[in-house]
Amino acid sequence: MDNFLVVSSKRPLEDEGEEKDVKRVKPYNKNTDEEYDIGNDCHVSAQRHEGNVYIHIRYFDTSPTGRKYPSKKGIVLHLEKWKKLTEDCLDEIDKALEDSQKEDGNVSYKEHLGHNVHVTVEQGYKWVDIRKWWKPEDAENIVATRKGISLPVDLWKEFKKTIPVLRKRFQKELDDIRYCYLDHDNQMSMLKCPGCNPNDYMNHELI
Ligand SMILES: [Zn+2]
């Protein structure tokens, strides 16, 4: 009987189907539901804050005492943005990444996840970049900020392994998400939206 108990309690989660390849690590803090190491000290973690779920993709540093802590290199995505990234954009990103490795390619992929967070893949760069951008006053175009992360091809592959696990974990929350653009029934409604039109929405608010 003792043997049976030991065997059953030791069965690791990682043995269950699609989760077998995911490297789950001890959550960094008490707000963290799930945390994975996708290589090179880059962690993907899910945290709850005031009823919302946020997915962090972040490099960790090691203190002199050997304790790992989250560095500033990374990005946090509200679950809605993570959903858009991992459902709507995933195939296009993979295609862009593959094409960008070809010598005669001409890839310049950019998709807005909302609130100035963009995912980009550029010809010649072997990574997927997820980053906050902003529009300096009087500038014509938005520019990249330091807030973000470039995931090299191998880390991107590992990142993708965490998707089905997180999807299962937050199924209910994901089902409840309704993209704002589905409710923009006219162009003005879209222009007034801070998510869709983050650099100019305030100029439309009072109209
Ligand atoms: Zn919107």
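Measuring how big the chain is from its alpha-carbon positions, Rg and Dmax come out at 19.6, 74 Å.
Over the range 24-192, Cα pairs under 8 Å with separation of 6+ residues give a relative contact order of 14 percent.
Work out, in µm²/s and without decimals, the Stokes-Einstein translational diffusion coefficient of the range 53-172 at 4 °C, 1.567 mPa s, Rh from Kirkwood over C-alpha pairs. Answer, rounded: 84 µm²/s.
Ranking Ser71, Pro27, Cys180 by how far each Cα lies toward the positive end of the dipole of the range 24-192 (charges on Cβ) leaves Pro27 at the top. The angle separating the long axis of helix 90-100 from the principal Cα axis of greatest extent in the chain is about 80 degrees. In a simple Cβ point-charge model (Lys, Arg +1; Asp, Glu -1; nothing else charged), the chain has a dipole of about 900 debye relative to its Cα centre.
Sort Glu205, Glu137 so that the residue with the fewest other Cβ atoms within 10 Å of its own Cβ comes first and the one with the most comes last. Arranged by neighbour count, lowest to highest, Glu205, Glu137 become Glu137, Glu205.
Pairs from the table (Lys26/Lys102; Lys102/Lys160; Lys30/Lys168; Lys68/Lys110; Lys68/Lys161; Lys83/Lys126) lying more than 28 angstrom apart at Cα are Lys26/Lys102; Lys68/Lys110.
Please label the shape of the range 114-207 as rounded, prolate or oblate, based on the square roots a ≥ b ≥ c of the eigenvalues of the alpha-carbon gyration tensor (a/c under 1.5 means rounded; beyond that, a/b larger than b/c means prolate, else oblate). Oblate, since a/c reaches 1.5 and b/c is not below a/b. Taking the chain as a whole, the Cys residues whose C-beta sits 4.7 Å or farther from every other Cys C-beta are Cys42, Cys89, Cys180.
Throughout, read-outs are computed from the coordinates displayed, never taken from laboratory work. The model shown is predicted, which means the values in this text are computed figures rather than measured ones. Because the Cβ atoms are built from the backbone with ideal geometry, glycine has one as well, and the counts that use them run over all protein chains shown.
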